[in-house]
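The values are calculated or read from the model by the stated rules, or taken from the named source; none is laboratory data. Since this is a predicted model, take the numbers as computed values, not measurements. Don't worry about glycine lacking a Cβ; one is built from the backbone with ideal geometry, like all the others, and counts go over all protein chains shown. SASA here: full protein model, heavy atoms, side chains in, ligands and nucleic acids out. Shrake-Rupley method; radii C 1.70, N 1.55, O 1.52, S 1.80 Å.
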Amino acid sequence: MPALTKTFFIKARDFAKAGESSLQIQSILKSIGFTSDLIRRISICAYEAEMNVVMHGGNGELLLTVNPEDIVLDVNDDGPGIEDVELALREGYSTATPEYREMGFGAGMGLPNIKKNTDSLEIDSHNGRGVHLKMSFKVEDS
Ligand SMILES: Nc1ncnc2c1ncn2[C@@H]1O[C@H](COP(=O)(O)OP(=O)(O)OP(=O)(O)O)[C@@H](O)[C@H]1O
Ligand SMILES: [Mg+2]
């Protein structure tokens with residue numbers, strides 16, 4: 001039985017609310033008392049995944065699961081999907097529009113940072129049927 005699960009909804013192009021789920025996740029993990037390094041890594045991944053749904057995806061949801069041994073973030077959206085996942089994982093690759101770049105996004109570093117900060121990462125994408133990211137983080141005994 002998982003110790004805790006919580007679902008957050010993400011709305012496409014809703015920049016006013018973008019980033020809120022990651023902040024809530026951060027505060028939940030803090031209140032449970034995980035180490036600051038683990039919380040930092042999870043917050044980075046939650047934020048990057050959330051922003052990708054807002055910018056590139058469709059409407060979606062983020063599911064946080066806290067187990068005794070690991071913490072899992074599942075992110076699903078119903079947007080256009082990623083055509084070439086391997087290419088999308090490359091540092092600097094971005095399809096962000098000039099408008100998004102002006103807002104400070106589009107460095108093409110979100111997915112590479114997610115890759116770097118997860119203990120395991122699965123990316124499932126079907127053209128026209130959105131993206132599913134599964135990010136897992138080990139909980140080390142302290
Ligand atoms: N949820 C998604 N739906 C559709 N395409 C996506 C999604 N997430 C990522 N992508 C594609 O993968 C590319 C790389 O994503 P990544 O997060 O690395 O960079 P970025 O979002 O373009 O820029 P940055 O994250 O640095 O602001 C995106 O430009 C986009 O083409
Ligand atoms: Mg991104």
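When you scan the range 63-77, do you find a residue that is more than 8 Å from ligand 1 (Cβ to nearest atom), at positive phi, open to solvent by 40 Å² or more (accessible area, probe 1.4 Å) and not in a helix (DSSP H, G or I), even just one? No. Kindly evaluate PRO98 against the criterion of being more than 8 Å from ligand 1 (Cβ to nearest atom) and either open to solvent by 60 Å² or more (accessible area, probe 1.4 Å) or not aliphatic (A, V, I, L, M) (or both). So PRO98 passes the test. Only a single item in (1) over 13 Å from the mean Cα position of the chain (by Cα); (2) within 12 Å of ligand 1 (Cβ to nearest atom); (3) open to solvent by less than 80 Å² (accessible area, probe 1.4 Å) is not met by ARG90, and it is number (3).
Scanning the range 101-142 for residues that are in a strand (DSSP E or B), open to solvent by 40 Å² or more (accessible area, probe 1.4 Å), closer than 14 Å to ASP70 by Cβ and touching a residue at least 40 places away in the same chain (Cβ under 8 Å) yields a total of 2.
Does the range 42-62 contain any residue that is open to solvent by 60 Å² or more (accessible area, probe 1.4 Å), of a type in the set (Asp, Glu), more than 16 Å from ligand 2 (Cβ to nearest atom) and closer than 15 Å to MET135 by Cβ? Checked the range 42-62: at least one residue is open to solvent by 60 Å² or more (accessible area, probe 1.4 Å), of a type in the set (Asp, Glu), more than 16 Å from ligand 2 (Cβ to nearest atom) and closer than 15 Å to MET135 by Cβ.
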